[in-house]
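Scroll down for the structure; my scribbles are underneath it.
No value in this document is a laboratory result; all are computed from the given coordinates. No experiment lies behind these values; they were computed from the predicted model shown. Neighbour counts run over all protein chains shown; Cβ positions are idealised from the backbone, glycine included.
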Amino acid sequence: MKSLDDLQKLRDKAKRTMDMTDLVDGVRIQVGMGTCGIAAGARPVLQKFIDEVAAHNLHNIIITQVGCMGECAFEPIVEIVEKDGTKTTYCKVGKRLAEEIVEEHLINGNRLDAYMLSTIKR
Amino acid sequence: MTLESMIQKYPASPEYLVEALRDYQMAKNDHSVTESEIVKIAKYFNVTESKVCSVVSFYSFLSEKPKGRYVIRICRDVPCFVNKSESILKTLETRLGIKPGETTPDGLFTLEYTGCLGQCDHAPAFRINDMTYVDLTPDKVKAILSEYREEKS
Amino acid sequence: MLSRMHILICGGKDCLSSHSKELRDEFHLVLSELNLLDEVRLVMAGCFGLCSQGPIVVMTPGETFYSHVTVADIREICEEHVVKGNIVERLLIKEPIDKAKIKNYSQLKFYDRQRRIALRNCGQINPTDINEYIARDGYLALGKVLSTMSPAEVVAEMKKSGLRGRGGAGFSTGQKWEFAAKSVDDVKYVICNADEGDPGAFMDRSVLEGDPHSVLEAMAICGYGIGSHQGYIYVRAEYPIAVERLNNAIKQARELRLLGKNIFSSGFAFDIELRLGAGAFVCGEETALMASIEGNRGMPRLKPPFPAVKGLWGHPTNVNNVETFANVPAIFLKGADWFKAIGTEKSSGTKVFALGGKIANTGLVEIPMGTTLREVIFDIGGGIPNHRKFKAVQTGGPSGGCITEAALDTPIDFDSLVAMGSMMGSGGMIVMDEDNCMVDVARFYLDFTVDESCGKCTPCREGTRRMLDILNKICAGNGTLEDLDLLESIANMVKDSSLCALGQSAPNPVLSTLTHFRDEYIAHVVDKVCPAGVCSNLTNYTITDKCIGCTKCAKNCPVSAISGTVKQQHVIDLSKCIRCGACKKACPVNAISSKPLPKEENK
């Protein structure tokens, strides 16, 4: 990186990746992996998503770890970001729910209202 | 890993003393340094032995006293306290038969206090070596301890 | 994301069938035409429970509820409400809203009251991938600074922003930079204080784990401003994941030459090294921290000379904490004026608070300065669980004080908290309810300070110990009224004569509880009663007939003091009971009561 221009170029490229510009129906799965998320069991959940996505042979899906989202009481938290910016936040995600999210939300297109952060009270 | 190969990862400058000590102790099963090791470390970093001792006695992660293979550090801060960390401590004490600062006779566990682990939203919490456990209840503690016991046998 | 407004579109099943997806698409289209996508965040919320009025669109802040929204209404909402701030009257919900009936009211409040600057990327980007940080305008501020501003301009901009240190005392960051910039020396240092030790505070951990690059970028900007080429991050060994991610971030930044020599071809060089603590609370104090980096016992020394004049290895040094640094790139990207407009006059910007203790939604919230404690605890935090009564909130960790119900409506900023006898500290907020004994809490804090006192100065080393002795005596039921006076006088003495902030502030929890909860102290010393039922010598635990015999209490008792058969009322053996409260916490039906012992039973 030598100049501000170089940074801008890298920024645009990285933004395309992040916004999934080049993916048809791209989906980004973000798993909260701060210490709080990890202590609540986020690591196996992330692995489960990787396994499930592979098992169903799904393409155009980016699985990534992110930091703490601040709503630590609901960890592990998983956010499904669709290409148009729609963001669904699932809370207290375990391996079984991960499976369900992949099958219902990603494949069949039904969001699982019952597990969305917004409708869950502790 | 030998002491030599461990400390030689660090430049021979006094500023790396704390980190090298901490690293070395983490790698050892008894989480401590002996007198003869202190002599070597002092020589390598070109400081007096008393300086190494003064550093070791100051930081709670460093020790001259051998510790158990698993060091349980229980958070004694307020968020854990208001969430009944006392009952966690008592459970550990009765299960292990030791008080904070002591090591079980089989050399498996050492019980210690620690400062805040930053898990206040999931209090009470403790750490066993590098692993953090949260939302503890006496029941959960019993299960965790037996896991570690099994791992050993 | 620095959204000034959130539009929440009801995404419940019923609304989905009434085309909320199309609404979102239309919002997206119109907002992008108006070039507002950066400022407004569209959120597909869950069902609001107002389905008869659906689809519902909620605009926050302001909590404007629009009902029966159609695609045709959206342009008007954007042009009128978003751009001009005019409410579109004809779409407002006709009937008055019973807020208790709104299912997602808490979520609404969660979005409404928060404004994320320091936490802008936390939970949004992959912290182990520098590209994602760059995609969110990362390192753009550094690039802008290095190519268009002089070091003096950087310091001036910082001063103008009004940012105050987020680690404790709230000293002006710009002024700190200015002092370090004015010191003449070839070698200067920038230190990031990541020794977050205040009980109840974990926002720095969250930033380091979730957005490590923002700290690196800010340190480089600071280095340029004050004329330093080397930075250190002193991080607690208790945060292994933060350490791992920082190491990774430093490596990636070096690879892209965003750290190192000749950054952005400007001739400016800056590099960062990580240093790990080894478990000593006092190392969060800046002079102790520097002693620790040098490889010594982490003991504080007298100031002046301040670190800006004589710091690490005797060279001018600027020390800021993690959250402070996390604000810096945003300030340089959006300008000091933008930042200054947020918050209160004397405390600009936002503050991250860590909610803990007896509160429904534990976690991190970032709010503009000037929000009231009541909003934070009850609106965002969801109030006290299990219908218990709020008693006090402790801010500022062991250095702060307790704030009572009466002060809940005071807007929070650095100065108002000090006026209430507490302090901002690093932003821990520990909520206590009626089950917490304030004398016991004060005793607990003292126990902490006694343990963490480094022992260098006498008032802190001996004074805190004497105070603890007295508090132990009171909690055991052996205190007298004279003890209270003695406690108060020692507290004031320790406060006035200790060497560093640890000792100077250690008596705060005692003094503030003595002020606000003197009646509890008097109950302990005169009536020999612990009103909250906590202090073990003054309390008895009993199991009432509400017991369903689920055995949870017996399983959770650390000393096996509870006996009973399944499905029958259990009994506590009081001679074994240590009054730890584990059974009470485990009981699903609230069948365990902790009552103060009647007066005559006390010895």
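Taking 8 Å as the Cα distance limit and 6 or more residues as the minimum spacing, I'd like the relative contact order of the stretch C:536-602 as a percentage. List each step's numbers first, then the result.
Working: 113 pairs, mean separation 29.5, N = 67.
44 percent.
Give the calculated FRET efficiency between A:R43 and B:E102 to the nearest 0.05, with a Förster radius of 45 Å applied to their Cβ-Cβ distance. Given R0 = 45 Å and the Cβ-Cβ separation, E is 0.85.
Note on A:E100 and C:V571: the model spin-label points, each 7 Å out from Cα along the C-beta direction, lie 4.5 nm apart.
Only helical DSSP H runs with n ≥ 4 go in: add -39500 (n - 2.57) per run for chain C, normalise by residue count and round the 222 nm mean residue ellipticity to 500 deg cm²/dmol.
Numbers: 22 runs with 208 residues, N = 603.
Computed mean residue ellipticity for chain C: -10000 deg cm²/dmol.
Only the Cβ atoms of Lys and Arg (+1) and of Asp and Glu (-1) were treated as charged; on that basis the dipole of the protein assembly as shown about its Cα centre amounts to roughly 1040 debye.
For the stretch C:402-455, the Cα-based Rg and Dmax, in that order, read 13.1, 39 Å. With the largest listed first and rounded to whole Å, the semi-axes of the equivalent ellipsoid of the stretch C:350-433 from the Cα gyration tensor are 18, 13, 12. Cα convex hull, chain C: 176 Å³ per residue, rounded to a whole number. Averaged over the residues of peptide C:289-298, the number of Cβ atoms from other protein chains lying within 10 Å of each residue's Cβ is 5.
Placing pseudo-labels 7 Å out from each Cα toward the beta carbon at C:C550 and C:E482 gives an inter-label distance of 5.0 nm. Counting Cβ atoms of other protein chains within 10 Å of each residue's Cβ and taking the mean over peptide C:137-149 gives 3.
Kindly state, to the nearest 0.05, the FRET efficiency for C:D527 paired with B:Y148, given R0 = 60 Å and r defined as their beta-carbon distance. Walk me through the numbers before you get to the answer.
Working: r = 46 Å, r/R0 = 0.76.
Between C:D527 and B:Y148 the formula returns 0.85.
Annotation for the stretch B:21-100 versus the stretch C:223-267: alpha-carbon center distance of 30 Å. Taken about its Cα centre, chain C carries a charge dipole of about 900 debye when Lys and Arg each add +1 at the Cβ and Asp and Glu each add -1 at the Cβ.
Look at the dipole of the stretch C:350-433 built from charges on Cβ: of C:G425, C:M369, C:V393, the Cα furthest out on the positive end belongs to C:V393. Could you compute the FRET efficiency for C:A341 and C:K84, with r as their C-beta to C-beta distance and R0 at 25 Å, rounded to 0.05? Plugging the Cβ-Cβ distance into 1/(1 + (r/R0)^6) gives 0.85. Each residue, C:A169 and C:T542, gets one label point 7 Å from its Cα in the Cβ direction; the gap between the two is 5.3 nm.
Using the charge dipole of chain B (Lys, Arg: +1 at Cβ; Asp, Glu: -1 at Cβ; taken about the Cα centre), state which of B:T2, B:Y59, B:F109 has its Cα farthest towards the positive end. Comparing the listed Cα positions along the dipole, B:F109 ranks first. Peptide packing: for C:395-405, C:474-484, the average count of neighbouring Cβ atoms within 10 Å per residue gives the ranking C:395-405, C:474-484, highest mean first. Checking every one of the trypsin sites (Lys or Arg not before Pro) in the stretch C:208-269 against DSSP loop status and a limit of 16 other Cβ atoms within 10 Å picks out C:R257, C:K261. With q set to 0.11, 0.20 Å⁻¹, the log10 of I(q)/I(0) for the stretch C:438-527, from the Debye formula over equal scatterers at the Cα positions, is -0.25, -0.82.
Ranked highest first by the average count of other Cβ atoms within 10 Å around their residues, in what order do C:352-361, C:222-231 fall?
Highest to lowest by the protection proxy: C:352-361, C:222-231.
Backbone amide hydrogens, once placed in the peptide plane, bring C:R275 within less than 5 Å of C:I233, C:Y234, C:V235, excluding anything fewer than 5 places away on its chain.
Helix-only mean residue ellipticity at 222 nm, chain B, DSSP H runs n ≥ 4 weighted -39,500 (n - 2.57), per residue, nearest 500. What is it? Mind showing how you got there, number by number?
Details: 7 runs with 69 residues, N = 153.
Taking each H run of at least 4 residues, the total per residue is -13000 deg cm²/dmol.
Ranked for footprinting exposure by Cβ neighbours inside 10 Å, fewest first, B:Y59, C:Y239 give B:Y59, C:Y239. Among rounded, prolate and oblate, which fits the stretch C:131-239 when a ≥ b ≥ c are the square roots of the eigenvalues of its C-alpha gyration tensor, a/c under 1.5 means rounded, and a/b larger than b/c means prolate? Because a/c hits 1.5 or more and a/b fails to exceed b/c, the stretch C:131-239 counts as oblate.
Checking the cross-link pairs C:K358/C:K595; A:K87/C:K84; B:K99/C:K391; A:K95/B:K28 against a 25 Å limit on the alpha carbon distance flags A:K87/C:K84; B:K99/C:K391; A:K95/B:K28 as lying beyond it. Mean per-residue shielding of peptide C:577-588 is 4, counting Cβ atoms of other chains within 10 Å of each Cβ. Which one of A:E99, A:E71, A:E82 has the biggest mean-square fluctuation once chain A is modelled by GNM with Cα springs under 10 Å? So, out of A:E99, A:E71, A:E82, the one fluctuating most is A:E71. Look at the dipole of the protein assembly as shown built from charges on Cβ: of C:L208, C:L333, C:Q124, the Cα furthest out on the positive end belongs to C:L208.
Here, the protein assembly as shown yields an orientationally averaged convex hull projection of 37.7 nm² when only Cα atoms define the hull. For B:F109, the residues 5 or more places off, or on other chains, whose built amide H falls under 5 Å of its own are B:R69, B:Y70, B:T104.
When peptides C:328-341, C:30-43 are ranked by their average number of other Cβ atoms within 10 Å per residue, the highest-first order is C:328-341, C:30-43.
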